[in-house]
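Novice: Dropping a structure here in structure tokens format, bear with me for questions.
The values are calculated or read from the model by the stated rules, or taken from the named source; none is laboratory data. These numbers come from a predicted model, not from an experiment. Note that each Cβ is placed from the backbone with ideal geometry, even for glycine, and that neighbours are counted across all protein chains shown. Calculation scope for accessible area: heavy atoms of the full protein, side chains included, ligands and nucleic acids excluded. Shrake-Rupley method; radii C 1.70, N 1.55, O 1.52, S 1.80 Å.
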Amino acid sequence: MRAARRPFFWLCPAGSAGPRAAAPLPPLTAVVVAHNPACLLLPPPPPPPPPPPPAQGLRLRTGFSAGEVFRKYVWYVLRERKFDAAAVDDLAALKRAAGLSDADVAEALRERASRVYAKFGSLMVNTSGMTASGIERKATCTALFQKMLYLSECEALLAQAGPEAAALDLRSVFGATEEDVDRLRIVSLVDVDLDKLDRMASGGDGDE
């Protein structure tokens, strides 16, 4: 005569049904079904914690705040990277990834403009009578001004209809005239000699 099979316990996912159960079993309830595996229902594991916000994630990975990372990348784009559409697109993508506002972008550009002015002086289009080193410094200042002006007028970085764009007045920072701005404005990156612009912007001391 065959001996009767002894019931035993089996671990099943929460909410699952036993072999002969018609409906999901209550959590934390052990149900013994003779001659079949029984189910001991356990609560589901807690969901993983949500990822940190982009700004916090940048701080955790780099040790800098999102605004500081953006400022450093602005300087890198202005001085070291080829100033083309891809560089501007990457800067706009960084703004979005870092969760920065238009006010943050305007403040970063304003701060950089002030530091460039402190290092290279006011914008001077006419450099006649200056020494070679003076001409080089003013050429660097002019190229950096052109790049920052383009960034300040880039819709992907700064909404032109917003108050932040209106308040960001690079002309007053550099002591430039309206004629200077019109003359130096980069309308399209396709129509400008980017290699020459980059050479001019990389001149002088490269410290931040």
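Novice: Could you please find all residues in region 134-152 being among the β-branched types (Val, Ile, Thr) and either at pLDDT 95 or above or closer than 14 Å to Phe174 by Cβ (or both)?
Specialist: Within region 134-152, Thr140, Thr142 qualify.
Novice: Looking at the structure I just gave you, is Glu155 surrounded by fewer than 16 Cβ atoms within 10 Å (Cβ to Cβ), of a type in the set (Asp, Glu), within 27 Å of the chain's Cα centre (by Cα) and modelled with pLDDT under 95?
Specialist: no
Novice: Quick one: would you say Ala93 is closer than 21 Å to Ser65 by Cβ and either at pLDDT 95 or above or open to solvent by 30 Å² or more (accessible area, probe 1.4 Å) (or both)?
Specialist: Working: closer than 21 Å to Ser65 by Cβ: yes; either at pLDDT 95 or above or open to solvent by 30 Å² or more (accessible area, probe 1.4 Å) (or both): yes.
Yes, satisfied.
Novice: Evaluate region 93-101: report whether one residue or more is assigned to a helix (DSSP H, G or I), under 19 Å from Thr140 (Cβ atoms) and in contact with a helix residue (DSSP H, G or I) (Cβ under 6 Å, 6 or more places away or on another chain).
Specialist: No, region 93-101 contains no residue that is assigned to a helix (DSSP H, G or I), under 19 Å from Thr140 (Cβ atoms) and in contact with a helix residue (DSSP H, G or I) (Cβ under 6 Å, 6 or more places away or on another chain).
Novice: Related question: Can you find a residue in region 195-205 that is within 24 Å of Ala106 (Cα to Cα), in a loop (DSSP other than H, G, I, E, B) and modelled with pLDDT under 90?
Specialist: Yes, some residue in region 195-205 is within 24 Å of Ala106 (Cα to Cα), in a loop (DSSP other than H, G, I, E, B) and modelled with pLDDT under 90.
Novice: What are the residue pairs meeting all of these: first residue in region 114-125, first residue under 18 Å from Leu168 (Cβ atoms) and buried (at least 20 other Cβ atoms within 10 Å of the Cβ), second residue modelled with pLDDT of 90 or more and among the charged types (D, E, K, R), Cβ atoms under 7 Å, and 6 or more apart or on different chains?
Specialist: Qualifying pairs under 7 Å: Leu123/Asp180.
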